1. Could you grab the relative contact order for the range 298-403? Cα pairs under 8 Å, six or more apart, rounded to a whole percent.
2. Multiplying the sequence separation of ARG341 and ILE114 by 0.36 nm and subtracting their Cα-Cα distance, what value in nm do you get?
3. With angles folded into 0 to 90 degrees, how steeply does helix 687-698 sit against the dominant principal axis of the chain? Use alpha carbons for both and round to 10.
4. Cut-off 14 Å, label point 7 angstrom out along Cα-to-Cβ of ALA258: give me the residues of the range 150-172 whose amide nitrogen falls inside.
5. Among 296-302, 276-282, how do they line up by average Cβ neighbours within 10 Å per residue, starting with the highest?
6. Under 16 Å from the Cα of LYS161, which aspartates and glutamates turn up, not counting those fewer than eight places away in the same chain?
7. Under a crude label model (7 Å from the Cα following the beta-carbon direction), how far is ARG104 from GLU389 in nanometres?
8. For the range 576-622, which GluC sites (Glu not before Pro) are both in a DSSP coil and crowded by at most 11 other Cβ atoms within 10 Å?
Amino acid sequence: GVYRALEETLGFYGIIAIAWVGSLVADLVINKPLGLSPPHIEFKRAHLYDINPVGVGAMITASVVGITCHTGILGSYAEALSHFIALATALATAPLIAWRTDGRFYTARPFTPIATDQELVQCCICEHRFEPEDVTGCPVYEGTICSLCCSLDARCGDACKPGAGYREQLQQFLGKLVPDAILSRLHSRLGHFLTLLVLINGLSALLLSLIYFKTPVASEPEALLLSITLWKVFFILVIVTGIVCWLFVLAHESRVVAEEESFRQTRLLTEEIVAHERTDLALQQAKEQAEAANGAKSRYLTGISHELRSPLNAILGYAQLMENDETVPPHRQEALGVIRRSGEYLADLIEGLLDISKIEAGRLDLHRDQVRIELLMEQLVTMFRLQAEEKGLAFDYHCPYPLPEMVTTDEKRLRQILINLLSNAIKYTDKGGVSLSLRYRSQVAEFTVQDTGEGISPTNIERIFRPFERIRTPGQSRIGTGLGLTITRLLTEIMGGDISVESKLGQGSTFKVSLMLSSVHSASPRSISAPAKRIYGYHGSRRKVLLVDDDQSHRQVVRAMLSPLGFEITDIGNALEVLPTVADQRPDLVLLDVSMPGQTGWEVLQRLRAEKHGMPVVMVSADANEGQHAKDSPRLHDGYIIKPVRLNLLLDTIGQVLNLEWRFKKSAEPLAAIPVSDNGDLPLPALPHRLELADLARIGHRKGLLEALHGLKHRGEAAEQFTLELTQLTNDFQFEKILALLEVTEDEPS
Ligand code: ADP
């Protein structure tokens, strides 16, 4: 009976298969030409209804009709032709349903071509590239998605085609057949359970009855036994499917709840991201505003300090002048002293604030100077030993390891750091001593400034580095702006170093500064610390130097620096006069300012070279960056010097470009003054005082210079004109000019 059973089963499935194929054929061969379905075949999930009633309806109708005929209810002809009848039904119903539904269930959303000018489009999930027909726009992922990723996605909830899911479709379909009251009950948990139970058990009943009808039985009792067995199987299946359906409904519900929760969390997360973006934007704007405000503050500070400094110079100058005036009664002299000290305090404050604002605004340029570190330390030690001794304090200097000849660092800033620490140590120590030590190992220098002074309590340690913080102890009145350590720390940090402090109240403090000072082995001409020997002239014929600068004071300084050494100086302030002067005088060297009205130094240089003047030209500029001016054009100049001009660097450069052999003074020889050029008639104090002042000016110790000048004036050891001039220059930080003034009168050919 196996063959018969097979024949029966295949005959039965054949009807379903033919109904399916018939519907497909009808759809493609009849519906399309008739225009009942769209001309192209859509296959992407994102564009399709889950159930298309045309195919599904035609197939179900054809299957039902075919099976009915197959059972023989409609006679033996119908039974014999059941497959053909199923095929004919499918071919007839498919166009009918398509016509009835207006073909609207073929595509769930209008076809919009992907706007791209490229051959392949990338999927936003798998990131593979596909032809435009294989991708579609996805509103959930907000990008183009390929068919495969779209088909596999389970969390999108078909947001791209609302109403096209099978649940909505079934609901819509049932809504037309079943009253609303029943429909809402069906949509409950129990409704779902019962529907599922009826569907599954209906299907099993169908299958069991098929088995019953298609099983050949020989006798009546056999048929009864079969029927009882199948009924028993059915009821057992009802119990099993009942439990399974209930579990399924519960699992489905918890899945729905979990999905809803996950959607809710995703939405909250998305909202948070949007909120973060807004906050970020607000933060960015606030930061920009703060930066703009900071920039405005810095500009304001720079402007106001400039405005304050000029009248302050006048106040200070006159206060000093009047302090020395014997016609001023003594009780007014005291008041003048107060005015002077207050003026000095204000000047310090302005300098400090300017430095801080410069550092904070990132406008502080660090220079890479080559510094003779040993010489620098010697100068500082000499200076501060003197100050310490004046106060009755001991001063020690240790340097346990050998120092390299030269190191690379910003000399001015390094000095500023050490001067701040050393002057604090001396200022805040009344008995005992101050020691300075330098340990140089593996390119790192560790400066330690130790004192046995009043110390700082642990609670105040961090405070002292803040601006305007001064630790006041009752009964002591020390003058200080409270900016020194703030600047010291900022400078150390921007130089890539580190500062630390240890202190015990009443026992003293130790400040340590570590800086990377890379050593330089070969002495290069850019060394700016004082050369070991002093130059007083050069071998060979007299050289002519043409000095071009619109600033008269600069011309005076350079003239004062060079003419004592035997140079013949011609200076002009107008850039337009350079060419005729050069043609007329044929100088050996031109020192050319960069920024001048009318024509810049670079333009003058170009014209000089264009007219075939080949003498060396050294550019002089206040802008450290302008040296990069002619990076990509051919280099026409022979040297570049930054203002304020340092004598040693100027001489090094001149010596190099003119190939000079310098004449050096024997350093031990006593010096006598020779009056020089513009400054020749300035009455000078005795040599030891000038040496002291020169030492102070060399290390840039403004306060020290002012005090020394004040002392000289009070003791009557220097002429008023001299102290006044030097005070002015000190206040303008013109240390090089001061050195020039003092040096030209010190040196004498040996
Ligand atoms: P000031 O101009 O007041 O010296 P600083 O910023 O240099 O400003 O120092 C801030 C404060 O730190 C000082 O007012 C002082 O109280 C304290 N201080 C600094 N150095 C020392 C030191 N070596 N010993 C004791 N206290 C110190």
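Read-outs: derived from the displayed coordinates by stated rules, not from any lab. For clarity, every value in this text was computed on a predicted model and none was experimentally measured. Every residue, glycine as well, gets a Cβ built from its backbone with ideal geometry; the counts of neighbours run over all protein chains shown.
1. On the way: 42 pairs, mean separation 26.6, N = 106.
Reported as a whole number, the value is 25 percent.
2. Using 0.36 nm per residue and subtracting the Cα-Cα distance, I get 73.7 nm.
3. Roughly 10 degrees, rounded to the nearest 10.
4. Within reach of a label on ALA258, which here means backbone N under 14 Å from a point 7 Å along Cα→Cβ, the range 150-172 contributes 154-155.
5. Descending mean neighbour count gives 296-302, 276-282.
6. Straight-distance partners of LYS161: GLU42, ASP50, GLU142, ASP153.
7. 11.0
8. GLU611
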